[in-house]
Amino acid sequence: RRRFGFFFGSFFWRSEAEREGMKCLVGYPPIVDSRGYVQIGQNRQSKIFSVGEEAAIFPCVMAWAATLLKQDGHEVIWCDAQTQGLSSETFFRQVRIQDPDLILWEAKTPSIKATWEAVRQVKQILPHCLVVLCGDHVTALPEESVTNAPVDIVLTGGDYDFGIRRLVKLFQQPDIDNPLGNDRVFHPGTVHDVVTLPVIDRALCRWKDYSRMGNYLRLPGTHGYSARDCWWRHEGGCTFCSWTNTYKNYRTMSVNQFMADVESAHALGAREYFDDAGTWAPPGRWFDQATRLLTVLNGSHRHPHARITMGCNDRPGARGREEYIRMANAGFRFVLFGLESANLQTLQRINKGQQAEDMRNAAKWASEAGLQPHLTVMLGYPWETREDAQKTVGLVRTLFDRGWANSMQATLLMPYPGTKLFSDAQANGWLLTTDWNRYTMNECILKCPLIHEEVLEKIQDCYKAAVTPRYILKKVLTVRTRDDLRFFWRGFKFWWGHLTDFGQLNSRRP
């Protein structure tokens, strides 16, 4: 047999008529870990959660991949073993029965080894199946997966929805034996025009499986994606963000596309919609048009009376008081701010592009406008002292005590491959390990002035600082509906789960 047929399997030896359509399985393999639920999809950083059902986030780019393949006439099977709660035995039995021609899996750094093992199992039961891996980890280290697993193709970059479509079309050309030659790495780039993307087929992608994500107040909820990824890219963007390598350039959809996706989600029954673009639109024409149309869609009603409640990621210092008022009038409730650290030196070293006071002003203006700010904090910086870490704890306490923050998440700093932080860590000898199974934001991977237990203690202090008597009283007094009550209870479980994550981690180390 020619090299191509041996290498990529029997599917591509079928007749032209037979290969007009493929059977494609898109999603995630089972990742079994005794430490908890491994969050993979639609997340810049990956984490193991002890409260697993609060962590399933709708993976928009993978959903677009499934949507585009279905649009091209292929049979698409959506299977996220993690979110659907499938055991390894059940999952691989279903794979054998379905007998797909192609499998597309996204892999993150802490899930990559388990994904390699899943590829090996697929190849044992379906040697003819074409297995394609995508995601930020394989984008940073594509040859690693080629070496360590019988993967057929590694698809690099963040546009793996466009990429898998192009790849399948290349292999369907009857006059080309092997369009990639001997190469097992496909680089489609990140230059595709996202304005051409269709509305996500959420029914195909089992969107309700992800509506239990903990930050939704009104259930069911869903995620969307108005841009790739973040417009803050000065000198490469934030040094810790893995998507600075995955998405090399910022591209946004049209306002009409964005609204079509929101309206489609609402028609399916979604009551809350979170736009997971790295940072929502900066003040300007796009922002003006989107907030105006959302105001019309929601009948000028704010949360909780809006038809569909909105949320987004935001940057401290990105906008002023007036913009937050307009967002609240358009139905926004939830605004996620990357606080990261209270220390200006740290913000500068991670190229966050914000001043020390920006976080206070943004949280104050957003909360006064009627929004509910959520804070994300990182600890374990190689240059931060105990006093520096305590400043961050103190800022969290201040923001919650003054009523300017509604919820938070504190994690360990992770140096993922492909980021500037990772290359800096290699150059400075900060890395404690390159065992990818341990890159879960659950233990220190970087050397820092604080010992591991001290860093975990500071993370716990952040969670404890957030729950002040004033905050608890405010939360109790704002309970008006069953949505509020359920959200309050879920928030308590999430808070307690995070204390568990960082309080008992030493006993759960691999």
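The values are calculated or read from the model by the stated rules, or taken from the named source; none is laboratory data. Bear in mind that the values here come from a model prediction, so they are computed numbers and not experimental data. Note: ideal-geometry Cβ built from the backbone for every residue, glycine included; neighbour counts use all protein chains shown. Each accessible area value is taken on the protein alone, full model and side chains, heavy atoms only, with ligands, DNA and RNA left out. Shrake-Rupley method; radii C 1.70, N 1.55, O 1.52, S 1.80 Å.
Considering only segment 393-404, I want to know if a residue exists there that is closer than 27 Å to residue 348 by Cβ, outside any helix (DSSP H, G or I) and either open to solvent by less than 10 Å² (accessible area, probe 1.4 Å) or not basic (Lys, Arg) (or both).
Taking every residue of segment 393-404 in turn, at least one turns out to be closer than 27 Å to residue 348 by Cβ, outside any helix (DSSP H, G or I) and either open to solvent by less than 10 Å² (accessible area, probe 1.4 Å) or not basic (Lys, Arg) (or both).
Which residues, counting only those in segment 311-327, are surrounded by fewer than 22 Cβ atoms within 10 Å (Cβ to Cβ) and either on the phi > 0 side of the Ramachandran plot or in contact with a His (Cβ under 9 Å, 6 or more places away or on another chain) (or both)?
The one that is surrounded by fewer than 22 Cβ atoms within 10 Å (Cβ to Cβ) and either on the phi > 0 side of the Ramachandran plot or in contact with a His (Cβ under 9 Å, 6 or more places away or on another chain) (or both): 317.
Of the numbered conditions (1) touching a helix residue (DSSP H, G or I) at 6+ places or on another chain (Cβ under 8 Å); (2) at pLDDT below 95, residue 138 fails exactly one; give the number of that condition.
If we test residue 138 against (1) touching a helix residue (DSSP H, G or I) at 6+ places or on another chain (Cβ under 8 Å); (2) at pLDDT below 95, just (2) comes out false.
Which of the residues spanning segment 282-320 are under 23 Å from residue 339 (Cβ atoms) and assigned to a loop (DSSP other than H, G, I, E, B)?
282, 283, 303, 315, 316, 317, 318, 319, 320
Considering segment 92-123 alone, what residues qualify as being part of a helix (DSSP H, G or I) and over 30 Å from residue 414 (Cα atoms)?
Answer for segment 92-123, where residues must be part of a helix (DSSP H, G or I) and over 30 Å from residue 414 (Cα atoms): 92, 93, 94, 95, 96, 97, 98, 122, 123.
Considering only segment 438-493, how many residues are among the aromatic types (Phe, Trp, Tyr) and open to solvent by less than 20 Å² (accessible area, probe 1.4 Å)?
2
Looking at 164, 97 in this structure, which one is open to solvent by 30 Å² or more (accessible area, probe 1.4 Å), at pLDDT 95 or above and of a type in the set (A, V, I, L, M, F, W, C)?
Only one candidate passes the filter, namely 97.
Restricting attention to segment 114-152, and to residues there that are more than 19 Å from residue 183 (Cα to Cα) and β-branched (Val, Ile, Thr), which single residue is surrounded by the most Cβ atoms within 10 Å (Cβ to Cβ)?
115
May I ask you to list the residues in segment 425-437 that are surrounded by fewer than 17 Cβ atoms within 10 Å (Cβ to Cβ) and either in contact with a Ser or Thr (Cβ under 6 Å, 6 or more places away or on another chain) or not polar (S, T, N, Q) (or both)?
427, 429, 431, 432, 435
Taking the conditions exactly as written (among the β-branched types (Val, Ile, Thr), free of Cβ contacts under 8 Å to residues at least 24 places away in the same chain and either farther than 22 Å from residue 404 by Cα or touching a Pro at 6+ places or on another chain (Cβ under 9 Å) (or both)), does residue 335 satisfy them or not?
no
Just the residues that are open to solvent by 20 Å² or more (accessible area, probe 1.4 Å), part of a helix (DSSP H, G or I) and charged (D, E, K, R), please, taken from segment 239-281.
263, the sole residue that qualifies.
From (1) of a type in the set (Ser, Thr, Tyr); (2) without any contact (Cβ under 8 Å) to a residue 60 or more places away in the chain; (3) touching a Ser or Thr at 6+ places or on another chain (Cβ under 6 Å), pick out the condition that doesn't hold for residue 139.
Against the list (1) of a type in the set (Ser, Thr, Tyr); (2) without any contact (Cβ under 8 Å) to a residue 60 or more places away in the chain; (3) touching a Ser or Thr at 6+ places or on another chain (Cβ under 6 Å), residue 139 comes up short only on (2).
Does at least one position in segment 338-357 carry a residue that is surrounded by fewer than 18 Cβ atoms within 10 Å (Cβ to Cβ), free of Cβ contacts under 8 Å to residues at least 40 places away in the same chain and over 20 Å from residue 396 (Cα atoms)?
No: segment 338-357 contains no residue that is surrounded by fewer than 18 Cβ atoms within 10 Å (Cβ to Cβ), free of Cβ contacts under 8 Å to residues at least 40 places away in the same chain and over 20 Å from residue 396 (Cα atoms).
Within segment 319-361, can you find the residues that are in contact with a helix residue (DSSP H, G or I) (Cβ under 8 Å, 6 or more places away or on another chain) and among the aliphatic types (A, V, I, L, M)?
Matches in segment 319-361: 327, 330, 335, 339, 342, 350, 356, 359.
If residue 222 meets every condition in (1) surrounded by fewer than 24 Cβ atoms within 10 Å (Cβ to Cβ); (2) in contact (Cβ under 8 Å) with a residue 24 or more places away in the chain apart from one, which number is that one?
(1)
Taking the condition of being open to solvent by less than 30 Å² (accessible area, probe 1.4 Å), in contact with a strand residue (DSSP E or B) (Cβ under 7 Å, 6 or more places away or on another chain) and of a type in the set (A, V, I, L, M, F, W, C), how many residues in segment 282-310 meet it?
Total meeting the criteria: 3.
Within segment 359-375, does at least one residue satisfy the condition of being among the hydroxyl-bearing types (Ser, Thr, Tyr), touching a residue at least 24 places away in the same chain (Cβ under 8 Å), open to solvent by 10 Å² or more (accessible area, probe 1.4 Å) and not in a helix (DSSP H, G or I)?
No: segment 359-375 contains no residue that is among the hydroxyl-bearing types (Ser, Thr, Tyr), touching a residue at least 24 places away in the same chain (Cβ under 8 Å), open to solvent by 10 Å² or more (accessible area, probe 1.4 Å) and not in a helix (DSSP H, G or I).
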